[in-house]
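Structure first, commentary second.
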Amino acid sequence: MPPSARVAFRNELSTTLFFAVTLAAVEGGIASAYAKNTFAGVAPERTLNFVVAMIGSAPEFANILSFIWLSAAHAKPKVPVVNSLQLAVVLSVAALALAPVSPLGLAVTAVLMLLARVCWSGIITIRPTLWRANYPREHRAWAVGRFSTVQTLTVAVAGIGIGLLLDQSARNYLAVAPACAAVGVIAVLVTRRLRVRRQRAMLQAEVEGPPVGRPWQGPAIVWRVLRKDRYFALFMGCMFTLGLGNLMLMPMMVIALKDQFGASYTQSILITTTIPYILMPMAIPLWTRLLDRAHVVKFRSIHSWVFALSTALFGAGVGLHRIELLFAAAVVHGIGFGGGTLAWNLGHVDFAPPSQTSQYMATHVTLNGVRGLIGPLLAVFLYEQARQAGLSERVGATAVLSLSTLLCVLGALGFVALRRTMGSAASAAKRTTG
């Protein structure tokens, strides 16, 4: 790795470590477990379940606004934009301490968590452009894998600490949120030192390339990207199906763990966040080797079956009322996350021309935002309809999780079919530094 890339890597690694502590306070599994356990009995159960769905899906739903950040960063130095978004996340997390345990406090909590995730989605949208500029192709997956490892392990450890503190008293969140935010300030300061290789050339390419349009033109840009690149459109269709199944999982697990198993904060966070996040780094080296030498379509045609298996195990655990199956499912899900985080950050590069990396990533995260809005709410809607029809909580949750599994299987089959359709074009990666 060139010396300039090594310097950038060290700075980003430090940023990732400190900012992950801030993100832990609003991580989907941790945040939704906090809301479900803290506001139970305070807000109407049906309302609370829908809010839990929204909070748990906030990381994905926020991506629907990614074109705001794509427009804001286009043809501009990326580091100052990332820095501003980091500060906005820190302030949103700190403000969570002001939300009371009341119906109004539930609404305030949901809004602040969503705001934090909206700003984080901007960082997610912009980072691949920085990575493409700073790291050679042969080292890029390795670097992103290290960032993912540090972030997930930090969130996992912080999640356990948050769960243990909340099991003592839900009011401890009044101290947890500001403390997580304070650590994020260090990340803001470190990011300011980050330099971008060949930044002038990169910005000139953006100026000379296709215009990104205004934020409200995002849907048109998504349509233009998908219409121009048929294979990427098919890839996004498979991702939508697989992702929809995965996104239906989170709210159902949080609800089932509390209502059916009577799980504590720590138990819920262990299954939904900590165990999967600890397993991710163990799986990342395996998936990195595959992604480094394979096109993302080939990668997904293999990797997606892990998510199909994990959702099936979650459904079996709820249906049979066996919490040990839920722990096993969390392990498998973590293995899937290990590959998913790599493909999420780098997969679109296998399709995008160098000057359109951000547009392809924004298309990816925008569509993820759409399914992030649909999936969790659909899961809770179907669950509540089942309860109103007189079915037990266990039967209703199992039925929804079965649908989730079916969607994951269909998504995996779609990737297999796309790999065959693309033929040799999907046999190897052709990523460039750009």
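No value in this document is a laboratory result; all are computed from the given coordinates. For clarity, every value in this text was computed on a predicted model and none was experimentally measured. No Cβ is skipped: glycine too gets one built from the backbone with ideal geometry, and neighbour counts run over all protein chains shown.
A Cα-only calculation for region 66-166 places Rg and Dmax at 16.5, 52 Å. Normalising by residue count, region 241-388 has a Cα convex hull of 108 Å³ per residue.
Remark: region 3-426 carries a charge dipole of roughly 1400 debye about the Cα centre, counting +1 on each Lys and Arg Cβ and -1 on each Asp and Glu Cβ. On C-alpha positions alone, give me the angle between the axis of helix 173-191 and the longest principal axis of the chain, in degrees, nearest 10. It is inclined by approximately 10 degrees. Stretched out straight at 0.36 nm per residue, the stretch from Ala175 to Val331 would grow longer than its current Cα-Cα span by 53.1 nm. Based on C-alpha pairs under 8 angstrom that are at least 6 apart in sequence, region 3-426 has a relative contact order of 27 percent.
Residues in region 19-28 carry Karplus couplings, in order, of 6, 4, 5, 5, 5, 4, 5, 10, 4, x Hz; the curve used is 6.51 cos²θ - 1.76 cosθ + 1.60 with θ = phi - 60°, and Gly or Pro positions show x.
Note on the chain: dipole from Cβ charges, positive end direction compared against Leu418, Gly161, Thr241; the farthest Cα belongs to Leu418.
Relative to the dominant Cα principal axis of the chain, helix 249-259 is inclined by about 20°.
For the chain, the number of Lys pairs separated by eight or more positions or lying on different chains, with C-alpha atoms closer than 24 Å, is 4. Projection of the Cα convex hull of the chain, averaged over all directions and equal to a quarter of that hull's surface, yields 18.5 nm².
Couplings 3J(HN,Hα) for region 387-396, derived from phi with the Karplus relation 6.51 cos²θ - 1.76 cosθ + 1.60 (θ = phi - 60°), are 5, 5, 7, x, 6, 6, 4, 5, 5, x Hz, where x marks Gly and Pro. Here is the size of region 312-434 from its Cα atoms: Rg then Dmax, 18.4, 58 Å.
Arranged from fewest to most other beta-carbon atoms within 10 Å of their beta carbon, Phe147, Phe299 become Phe147, Phe299.
Each helix, a run of at least 4 DSSP H residues, gives -39500 (n - 2.57); summed and divided by the residues of the chain, these come to -27000 deg cm²/dmol at 222 nm. Using alpha carbons only, how many degrees (0 to 90, rounded to 10) separate the axis of helix 103-134 from the longest principal axis of the chain? On a 0 to 90 degree scale, this one is about 20.
Our analysis of region 1-155 gives Rg over Rh at 1.04, with the two radii drawn from alpha carbon positions and Rh computed by the Kirkwood formula.
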